[in-house]
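Engineer: Next up is a structure, given as structure tokens.
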Amino acid sequence: MPDLKDKLAEVNGQISETRTEAQEKWTAFEAARDKFASAGEDANDTDSEAFKEMDAINKEYSTKAEELADLEAVRDGVFRAMSGNEPPEVGGDEPKLGAAASLLRREAQKSLGLQAAEGDGYKQLLDSGLLKSESAKFNAVLASGDLEELKASLLTGGSDTSAGAFVVPEQVGYVPQPQRTLTVLDLITVGETESDTVEYVRQNSFVNVAAEIAEATTLATGTKPEASLSFEKISEAVSTIAHWQPATRRALADAGQMRTIVDNQLRYGLELRLENQVMAGNGSGDNLLGIINTPNILSQPRGSDSVADAVHKGMTQMRLGYIEPTGTALYPTDWEKVRLSRDDSGAGPGTGGYLYGPPAQAGAEQLWGKPVAVTAATTSGTAVVGAWYWATLWLREGIQVLASDSHADFFIKNLIAILAEMRAGFGVQLPPAFCKVTGL
């Protein structure tokens, strides 16, 4: 019999190699997919070269994923053999009853019970009235208070040694936690980078001294004015955002839905953290520098203005700098103040009609003709008006969800570490393209 430990080590090596190849294929597929999307191809044009390239790489990835699943099945089989839980040999006299066989036996027993209940004998018993008379006797004993006669034979549904042992709880499904709609990530520009640092040059100032100059009549006249421009180089670091969740191999194997739930939650967690960083990251350490904390963005205090008026004044500041805003991000309670505002010209304050339409009116949230992103990513009491395309997210690596038993002593404990991570940089390339409206 071959050495199972050597076989296990061999299979684990193959798994590691195949997993790396699968990850490389997935990265190549993402690049081909983005290339196809950026080329402006029709999504239904399966004859384009970009689509064919993307499809071919996807098939290669699927092949590697299937190879990985097969190798993991082999590894699990070897591990079960090492732990002494080998499956029964074919042709044995009395093989152990597996899960499927147990289920079939239970179904057969249930079928026999249904046959007995539907049989002629049981129907004759019902027709005879005997069961009704026994029921009457039972009720009479209860009414007299003499329960001794019932103690020896009474079957109760609340006891695990009686009828309660047959009661199976009904499973009605999985109830997930609420998830915040991620709207800010849809507003900003998303690009890619192949480095761990993104650099660009930003113009800081321009002094316009253009003027009409008379023709020179002497050497001292006719001099043209000199313009003044200043620039600076900006560097934005790429940060890694990650978290992981341990799970038992048994839980993942016995509950197929569990892996999907864990994967989705970990992915959502990364996106949630990323959106929070984009809006309000403080830039310290490996934190991204968010829009609200970016130096030199504009600011507009509310003062005694309404929320809508203060937002409009923020838009005006941007327009004075020749930048047209594309939308506003508002905290839910701040948007509520806008949406519930009413016409005060009637019988009294707050008694007139809703300024933004009656409650039954459906429609997208808008303020001064610009869309509103209602999100908890911004801070309560602070709105952000912006030309959002001037905020850029550079993706170094998209979200990856990886699983391994190589962490610490996870292998010998049958534990799996499920890791989700991504790498990205972020920056506001033109600070005056954003204005935070405070004091809402």
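Just so it is clear, none of the values below were taken in a lab; they were calculated from the coordinates. As the structure is a prediction and not an experimental result, all values here were calculated from the model. Quick reminder, even Gly has a Cβ in these numbers, built from the backbone with ideal geometry, and neighbours come from all protein chains shown.
Engineer: Ser239's amide H: which non-local residues (gap 5+, or another chain) put their own amide H closer than 5 Å, with H modeled 1.01 Å from N in plane and none for Pro or chain starts?
Structural biologist: Sorted by chain and number, the residues that satisfy this are Ala424, Gly425.
Engineer: How high is the relative contact order of segment 181-239? Use alpha-carbon pairs under 8 Å, at least six apart in sequence, and give a whole percent.
Structural biologist: In percent, rounded to a whole number, it is 45.
Engineer: Read phi for every residue in segment 269-284 and hand back ³J(HN,Hα) as whole Hz from Karplus 6.51 cos²θ - 1.76 cosθ + 1.60, θ = phi - 60°, with x for Gly and Pro.
Structural biologist: x, 5, 5, 5, 5, 4, 5, 4, 5, 4, 7, 9, x, 8, x, 7
Engineer: Where nothing but the Cβ of Lys and Arg (+1) and of Asp and Glu (-1) is charged, how large is the charge dipole of segment 239-438 around its Cα centre, in debye to the nearest 20?
Structural biologist: Here the size comes out at about 100 debye.
Engineer: Also: Compare the Cα positions of Thr326, Gly281, Met315 along the charge dipole of segment 274-338 (+1 at Cβ of Lys, Arg; -1 at Cβ of Asp, Glu; about the Cα centre) and return the one farthest towards the positive end.
Structural biologist: The residue sitting most towards the positive pole is Met315.
Engineer: Explain nothing, just compute: Karplus ³J(HN,Hα) = 6.51 cos²θ - 1.76 cosθ + 1.60, θ = phi - 60°, for every residue of segment 372-386 in order, whole Hz, x for Gly and Pro.
Structural biologist: My calculation for segment 372-386 gives 10, 9, 8, 8, 7, 5, 7, 8, 4, x, 10, 9, 10, 9, x Hz in order.
Engineer: Right, here's the next one. For the ranges 221-231, 46-56, what's the packing order if you count other beta-carbon atoms within 10 Å of each residue, average per peptide, and put the highest first?
Structural biologist: 46-56, 221-231
Engineer: Give me Rg/Rg_expected for segment 4-82, where Rg uses Cα atoms only and Rg_expected = 2.2 N^0.38 Å with N residues.
Structural biologist: Rounded to two decimals, the normalised Rg is 1.49.
Engineer: What percent do you get for the relative contact order of segment 239-438 when only Cα pairs under 8 Å and 6+ apart count?
Structural biologist: It rounds to 33 percent for segment 239-438.
Engineer: Among Ala81, Ala31, Asn12, flag the residue with its Cα farthest along the positive direction of the charge dipole of segment 4-82, charges on Cβ as +1 for Lys/Arg and -1 for Asp/Glu.
Structural biologist: Sorting the options by dipole projection puts first Ala81.
Engineer: Going down the list Lys25/Lys59; Lys35/Lys59; Lys7/Lys64; Lys337/Lys436; Lys5/Lys64; Lys313/Lys370, which pairs span over 19 Å between their C-alpha atoms?
Structural biologist: Checking Cα-Cα distances, Lys7/Lys64; Lys5/Lys64 exceed 19 Å.
Engineer: Where does the charge balance sit around Tyr200 when Lys and Arg score +1, Asp and Glu -1, over other residues with C-beta under 14 Å from its C-beta?
Structural biologist: Net local charge, Tyr200 excluded: -1.
Engineer: Using modelled backbone amide H atoms (1.01 Å from N, in-plane), which distant-in-sequence or interchain residues come within less than 5 Å of Ile297's amide H?
Structural biologist: none
Engineer: Highest mean first, what order results for 421-432, 7-18 on Cβ atoms within 10 Å?
Structural biologist: 421-432, 7-18
Engineer: Would you work out the charge dipole size for segment 4-82 about its Cα centre, treating the Cβ of every Lys and Arg as +1 and the Cβ of every Asp and Glu as -1, and quote it to the nearest 20 debye?
Structural biologist: 560
Engineer: In sequence order, what are the phi-derived ³J(HN,Hα) couplings for segment 243-248 according to the Karplus relation 6.51 cos²θ - 1.76 cosθ + 1.60 with θ = phi - 60°, rounded to whole Hz, with x for glycine and proline?
Structural biologist: 7, 9, 9, x, 8, 7
Engineer: Taking the Cβ-Cβ separation of Asn282 and Gln257 as r and a Förster radius of 30 Å, what is the calculated FRET efficiency to the nearest 0.05?
Structural biologist: With a Förster radius of 30 Å, E is 0.20.
Engineer: I would also like to ask the following. Treat each spin label as a single point 7 Å out from the Cα along the C-beta direction, and report the Thr379 to Arg250 distance in nm.
Structural biologist: Once both label points are built, they end up 4.9 nm from each other.
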